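Here the structure comes first, spelled out in structure tokens, and everything after it is commentary.
The values are calculated or read from the model by the stated rules, or taken from the named source; none is laboratory data. On a predicted model such as this, the values are computed, not experimentally measured, just so you know. All Cβ positions, even for glycine, are placed from backbone atoms using ideal geometry, and neighbour counts span all protein chains on display.
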Amino acid sequence: MNVKLTSLLIINVLVILYSCKPAIQELPYLGRDKIVDGHEVRHQIRSFNYIDQDSIPFNADLLKDQVYLADFFFTSCPSICPKVMKNMLRVQEKYKDTPNFKLVSFSLDPKRDTPARMKKFASSIGADLSMWHFVHGPKDSIMAIANEDYYVPAFEDPDAPGGFDHSGKLLLIDGNGHLRGFAEGTEDEDVTDFFKTIDALLAQSK
């Protein structure tokens with residue numbers, strides 16, 4: 001068999017193999033849909049108005065058309081937060097050059113987590129504040145969006161480490177405020193697998 005024929009056969013095999021690769025499936029829309037004026041409406045993160053680590057207003061409009069990853073934390077958390085932040089840093093490193101991708105950490109402890117304290121915390125862990133926002137707002141509001149919008153448990157509990165019982169999940173949100181995926185932020189392997197979900201949403205958002 002001559003070289004030219006061999007090359008053609010290799011190209012044909014590669015074309016067949018590529019065509020057989022499964023396409024990236026559309027990610028599901030998570031959450032409970034509701035009926036508005038007789039029409040089914042997808043679950044969507046509500047509008048909010050908070051303050052970031054620079055004492056600048058931070059609201060849901062700033063995340064429109066942005067894919068972002070959210071988590072709930074507090075700076076004095078002695079239990080799961082250090083592990084979650086370690087994995088958020090992994091996400092930051094992987095997607096640091098990706099346009100329209102953000103990280104948002106919502107503090108559950110706005111009384112102690114002032115903007116100055118959040119900024120100091122961000123600096124201490126190596127957060128890139130050009131893509132990662134640390135925000136606080138009224139405690140009742142933060143608890144409400146955690147439990148009702150992002151579907152992660154978050155409660156004040158004097159018996160819990162640091163005074164709050166909360167989830168370490170990382171929540172993936174699309175540019176229209178829809179919840180599209182999640183990972184256990186305390187599990188390194190789960191976060192590694194989750195990169196595929198983030199990649200898929202970013203590809204579909206182009």
Of 46, 90, which residue is under 16 Å from the mean Cα position of the chain (by Cα), under 17 Å from residue 152 (Cα atoms) and among the charged types (D, E, K, R)? 46
Residue hits (the range 99-143; touching a helix residue (DSSP H, G or I) at 6+ places or on another chain (Cβ under 8 Å), polar (S, T, N, Q) and surrounded by fewer than 16 Cβ atoms within 10 Å (Cβ to Cβ)) are 100
Residue hits (the range 122-181; in a helix (DSSP H, G or I) and within 23 Å of residue 26 (Cα to Cα)) are 149
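Would you mention how many residues in the range 51-79 are more than 19 Å from residue 172 (Cα to Cα) and of a type in the set (A, V, I, L, M)? Even if it seems obvious, please write down each step before you answer.
Within the range 51-79, the first condition is being more than 19 Å from residue 172 (Cα to Cα), and the residues that meet it are 51-57, 74-79.
In the following step, the residues that additionally are of a type in the set (A, V, I, L, M) were identified as 51, 56.
Residues meeting the conditions: 2.
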Unmet criterion (only one of (1) farther than 12 Å from residue 74 by Cβ; (2) touching a residue at least 60 places away in the same chain (Cβ under 8 Å); (3) hydrophobic (A, V, I, L, M, F, W, C)) for residue 155: (2)
Of (1) modelled with pLDDT of 95 or more; (2) farther than 20 Å from residue 130 by Cβ; (3) part of a strand (DSSP E or B), residue 84 satisfies all except one. Which? (3)
Can you name the number of the only condition in (1) at pLDDT 95 or above; (2) in contact with a strand residue (DSSP E or B) (Cβ under 8 Å, 6 or more places away or on another chain); (3) closer than 27 Å to residue 191 by Cα that residue 57 fails? (3)
When the range 62-80 is checked residue by residue, the ones that are surrounded by 15 or more Cβ atoms within 10 Å (Cβ to Cβ) and in contact with a helix residue (DSSP H, G or I) (Cβ under 8 Å, 6 or more places away or on another chain) are 67, 69, 71, 72, 73, 74, 75, 76, 77, 79
